[in-house]
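Here is the structure we will look at, set down as structure tokens.
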Amino acid sequence: MNVVFYSSNSNFFEGNDFDIKRIPSEAQSWEALVKEFPDINFTVITQLPGTFLLDIQGNNIEESLQKNNPKIKFLLSSAKDAPSFADEILLQDADLAIAASFWVRPFDWLSLEDALIASLLRDKGIHVLCNSQETALCCMDKGMTQSLFERAGLAFAKGFTLDLQLFRAERSHKEMRNNVYREFILTRLRKLTYPIVIKSTTGLSSYGMGLAVSFKQALAYLDSGKTNSDRIIEEYIEGDQAGAEVYGKDGHYKILPPFLFSVSRWGLTSPKQSIKAGPITNEKYKLDQLYEMLLKAAKEIKLNGIMQVDLVFSKGKWFIIEINPRISGMSETYAEAMGTSVKKMLLQTALGKKIESPLAYTINFKLPLLTDEQMQSLAKEENVLMIRQNRNKAARQEREKGYCEIIFGKRNSVADLEKDLDRLSCKYPTFFEEDFLVKAKDLLAKM
């Protein structure tokens, strides 16, 4: 059987500007998969940086992945559109193709490109594990997502979509005496309960997201240079923020227990700073209610692969914030907590096999950039499951230079996980800020 893993990237990537390291390496992960599935020939076709699939050095695949193994090969695609990418996959005589979509800034649209590729492959009779174009577009456009939530009867934040061109129409139409659309939007803004969240309809995660605590502040934000595209405006739901993932196809879904997220001082999750801890097992979180909601969402979008869902638990009720139909920042945390890999979970889903590994207590957190020696030292510590460091050597601002992500734990109890975290922070005191430890322990206490 020939299986192709694929993923596209719409952005230019200059590998010489980045230093990306993962311990254990992607090569080790592929070796384990090839060993476990000896009847499958694997091909990986992706575009740099090949997140979740490749080890890279500059603009090239690392030699560790290029060892002579007849069961697997790695190819960098030069395709500039979906048809040419699909043609590259067709050359591999694939029986099954699996989308391993990742994300880029500023637009979270790679799952849509991979869905276009999948559609072309299906037209040629190839079985594909990938969400449809309709699903990808609906989840990319947060206005469409909210309409889906409403149709499905899912609880979500109260809000509306703002058309920026109409909101500023008088700037390009001097004959206009009164902007009726702007007047309408301001009326709606005044009726909302503050604080409110203002975010791009197509943006990635919380990048560019704003929090306004008053009508005056919201109006100033919308009139500022920070607002350069259509926006979703929604009431901020105060509560415990969390996330979950769902795998499946053809109406059969595996819902993974949620993880809690830490938030910034503005009450928002930060991709470069947030802590993820889980799984949540505390009965106060009404997990049955959550699983029913996630199952309904999976069926509504006709999930065919993977989806990540951002959530808030507030006043005894779960609210859904957004759906990402791709691999997420949670995926490897789940995989490590289950003693498996994201690749294997996608393969199991595509083959119709159940994902049944038990989920142990695990925490994912970010540290400042480390030296190679520091990373190697941490990697030797008991219960350090994975380290990934992204260093942007071309960045000028400190906050853009990168971070080191640690997945730690796989413990049978929250108490054991907390003891291990204390031990690690005592051994490496310069790595852990006090604010981080406070947030981490707050999450562990809630789980």
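For I363, the criteria (1) in contact with an Asp or Glu (Cβ under 7 Å, 6 or more places away or on another chain); (2) open to solvent by less than 10 Å² (accessible area, probe 1.4 Å) hold in every case but one, which is (1).
Based on this model, can you work out whether I306 counts as under 14 Å from the mean Cα position of the chain (by Cα), closer than 23 Å to T362 by Cα and surrounded by 14 or more Cβ atoms within 10 Å (Cβ to Cβ)? Step through it out loud before you land on a result.
Details: under 14 Å from the mean Cα position of the chain (by Cα): yes; closer than 23 Å to T362 by Cα: yes; surrounded by 14 or more Cβ atoms within 10 Å (Cβ to Cβ): yes.
When the stated conditions are applied, I306 passes them.
In this structure, I45 does not qualify as assigned to a strand (DSSP E or B), β-branched (V, I, T) and either closer than 20 Å to L370 by Cβ or open to solvent by 40 Å² or more (accessible area, probe 1.4 Å) (or both).
A single entry from G153, G143, G159 fulfils the requirement of being touching a Lys or Arg at 6+ places or on another chain (Cβ under 8 Å) and either closer than 25 Å to I237 by Cα or touching a residue at least 60 places away in the same chain (Cβ under 8 Å) (or both): G153.
Among residues of the stretch 365-388 that are part of a loop (DSSP other than H, G, I, E, B), those with a Cβ under 6 angstrom from a residue that is of a type in the set (D, E) and open to solvent by less than 30 Å² (accessible area, probe 1.4 Å), sequence gap 6+ or separate chain, pair up as N383/D420. If you go through the stretch 1-34 and pick out every residue that is open to solvent by 20 Å² or more (accessible area, probe 1.4 Å), assigned to a strand (DSSP E or B) and under 19 Å from S64 (Cα atoms), you end up with 6. Please work out if P83 is touching a residue at least 24 places away in the same chain (Cβ under 8 Å), more than 30 Å from L369 (Cα to Cα) and open to solvent by 40 Å² or more (accessible area, probe 1.4 Å). When the stated conditions are applied, P83 passes them. Inside the stretch 55-70, can you point out the residues that are farther than 17 Å from N11 by Cα and in a loop (DSSP other than H, G, I, E, B)? Listed by number, the residues that qualify are D55, E62, Q66, K67, N68, N69, P70. If you go through the stretch 298-320 and keep only what is in a strand (DSSP E or B), in contact with a helix residue (DSSP H, G or I) (Cβ under 9 Å, 6 or more places away or on another chain) and among the aliphatic types (A, V, I, L, M), you end up with I306, M307, V309, L311, I320.
I'd like to know if the stretch 272-295 contains one or more residues that are open to solvent by 50 Å² or more (accessible area, probe 1.4 Å) and within 17 Å of the chain's Cα centre (by Cα). Yes, the stretch 272-295 contains at least one residue that is open to solvent by 50 Å² or more (accessible area, probe 1.4 Å) and within 17 Å of the chain's Cα centre (by Cα). Mind checking which residues of the stretch 202-260 are without any contact (Cβ under 8 Å) to a residue 60 or more places away in the chain, under 19 Å from the mean Cα position of the chain (by Cα) and assigned to a loop (DSSP other than H, G, I, E, B)? Result: M209, P258.
Based on what the data block shows, is S147 over 30 Å from I327 (Cβ atoms), among the hydroxyl-bearing types (S, T, Y) and exposed (fewer than 15 other Cβ atoms within 10 Å of the Cβ)?
Working: over 30 Å from I327 (Cβ atoms): no; among the hydroxyl-bearing types (S, T, Y): yes; exposed (fewer than 15 other Cβ atoms within 10 Å of the Cβ): yes.
When the stated conditions are applied, S147 does not pass them.
Candidates L65, L91: the one that is under 21 Å from N2 (Cβ atoms) and either hydroxyl-bearing (S, T, Y) or touching a helix residue (DSSP H, G or I) at 6+ places or on another chain (Cβ under 6 Å) (or both) is L65. Taking first residues from the stretch 431-447 that are more than 12 Å from G278 (Cα to Cα) and partners that are not in a helix (DSSP H, G or I), the Cβ contacts under 6 Å between residues at least 6 apart in sequence or on separate chains come to F431/L367; K439/S262; K439/I275. Summed over the stretch 91-111, the residues that are part of a loop (DSSP other than H, G, I, E, B), crowded, with 19+ Cβ neighbours inside 10 Å and either of a type in the set (G, A, S) or on the phi > 0 side of the Ramachandran plot (or both) give a count of 3.
Considered as a group, the residues in the stretch 112-133 that are free of Cβ contacts under 8 Å to residues at least 24 places away in the same chain and open to solvent by 60 Å² or more (accessible area, probe 1.4 Å) include one that is nearest to V246 (Cα to Cα), and that residue is Q133.
Could you tell me whether any residue of the stretch 356-366 is basic (K, R), touching a Ser or Thr at 6+ places or on another chain (Cβ under 8 Å) and closer than 30 Å to I40 by Cα? Within the stretch 356-366, none of the residues are basic (K, R), touching a Ser or Thr at 6+ places or on another chain (Cβ under 8 Å) and closer than 30 Å to I40 by Cα.
Taking residues in the stretch 17-28 that are closer than 13 Å to L369 by Cα, and partners anywhere that are buried (at least 19 other Cβ atoms within 10 Å of the Cβ) and of a type in the set (V, I, T), not one pair has Cβ atoms closer than 6 Å while being at least 6 places apart or on different chains. Just to be sure, is T349 open to solvent by less than 20 Å² (accessible area, probe 1.4 Å) and among the β-branched types (V, I, T)? Yes: the conditions hold for T349. A single entry from K254, K216 fulfils the requirement of being at pLDDT 95 or above and either open to solvent by less than 10 Å² (accessible area, probe 1.4 Å) or touching a strand residue (DSSP E or B) at 6+ places or on another chain (Cβ under 7 Å) (or both): K254. Scanning the stretch 15-26 for residues that are within 25 Å of I89 (Cα to Cα) and either at pLDDT below 95 or in contact with a Pro (Cβ under 6 Å, 6 or more places away or on another chain) (or both) yields a single hit, G15. List the number of the failed condition for Y236; all other conditions in (1) open to solvent by 40 Å² or more (accessible area, probe 1.4 Å); (2) over 28 Å from M447 (Cα atoms); (3) of a type in the set (S, T, Y) hold. Just one mismatch for Y236, condition (2).
The values are calculated or read from the model by the stated rules, or taken from the named source; none is laboratory data. None of the values given here were measured: they were computed from a predicted structure. Cβ atoms come from the backbone with ideal geometry, glycine included; neighbour counts cover every protein chain shown. Protein only, heavy atoms only, side chains kept; ligands, DNA and RNA dropped before computing areas. Shrake-Rupley method; radii C 1.70, N 1.55, O 1.52, S 1.80 Å.
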